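The values are calculated or read from the model by the stated rules, or taken from the named source; none is laboratory data. The structure presented is a predicted model; accordingly, all values stated were derived computationally and were not measured. Neighbour counts are summed over all protein chains in view; Cβ atoms, including those assigned to glycine, are modelled from backbone coordinates with ideal geometry. Surface areas here come from the heavy atoms of the whole protein model, side chains and all, with no ligands, DNA or RNA. Shrake-Rupley method; radii C 1.70, N 1.55, O 1.52, S 1.80 Å.
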Amino acid sequence: MNKRIIAFTLALIIAFSSSVLVFAREDGENFNGYPDTVKIKNTKKQEVIYINIEPDGEVKDVTAVNIFDMEKRGLITDYGNYSSLRNMTSDNRIIYRNETVKIVTEEGKLYYEGNCITKDIPWNFSIRYYLDGKEMSSDEILGKSGKVKVVIESSQNKNVPENFFKKFVMKIIEIIIQDLVSKPPVSDKIIDV
């Protein structure tokens with residue numbers, strides 16, 4: 001039984017860890033009612049970048065989730081160019097000025113999300129769609145029945161430093177609503193990156 005096909009969303013996840021210098025201080029001095037910042041030891045920071053792509057391969061939006069593991073209560077200072085921020089761990093407010101992020105956190109993990117202003121990513125994408133062997137645009141294929149093939153090709157974005165392209169991991173997730181597809185896609189092929 002053939003079922004209708006609807007548009008899908010691609011999400012790319014780039015996960016990487018790096019040591020960064022996090023600044024924190026035990027209760028004491030004041031920064032707008034919060035502890036001031038002094039240097040403490042290097043703390044591991046993990047950053048996961050989510051990239052939503054339009055059906056034609058153009059970048060729709062880029063979101064960074066920053067994760068810190070604090071040994072004690074303090075004020076985290078981090079950096080980024082964001083249009084908006086959200087503390088995913090608590091209701092503690094985020095102070096953001098001049099691409100500097102400050103968040104008071106308790107001992108343990110802190111997750112905060114930032115919507116990136118730039119849409120420059122290490123890859124360029126080309127996405128082609130086929131229905132019953134005939135190439136179609138993503139708009140043309142909507143609502144039609146048949147055997148669908150989606151070809152996603154990536155190449156280096158020369159506007160981004162090469163080390164990002166060479167050293168970061170990319171994972172592509174294609175979201176398909178199974179109630180609208182008669183045979184969910186299964187691939188036993190290895191994808192060359």
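Some points to look at:
- Only one of Tyr79, Tyr111 that is more than 17 Å from Ile51 (Cβ to Cβ), out of contact with any Phe, Trp or Tyr (no Cβ under 7 Å at 6 or more places or on another chain) and surrounded by 13 or more Cβ atoms within 10 Å (Cβ to Cβ): Tyr111
- No other residue among Asn163, Asn159 is of a type in the set (S, T, N, Q), out of contact with any helix residue (DSSP H, G or I) (no Cβ under 9 Å at 6 or more places or on another chain) and within 23 Å of Lys44 (Cα to Cα) apart from Asn163.
- Which listed residue, of Ser84, Ser126, Ser90, is assigned to a strand (DSSP E or B), open to solvent by 40 Å² or more (accessible area, probe 1.4 Å) and at pLDDT below 95: Ser126
- Sole exception among (1) under 28 Å from Val160 (Cβ atoms); (2) open to solvent by 20 Å² or more (accessible area, probe 1.4 Å) for Arg73, by number: (1)
- Taking region 140-158 as the range and being more than 23 Å from the chain's Cα centre (by Cα), in contact (Cβ under 8 Å) with a residue 24 or more places away in the chain and either outside any helix (DSSP H, G or I) or loosely packed, with under 12 Cβ neighbours inside 10 Å (or both) as the test, the residues that pass are Leu142, Gly143, Lys144, Ser145, Gly146, Val148.
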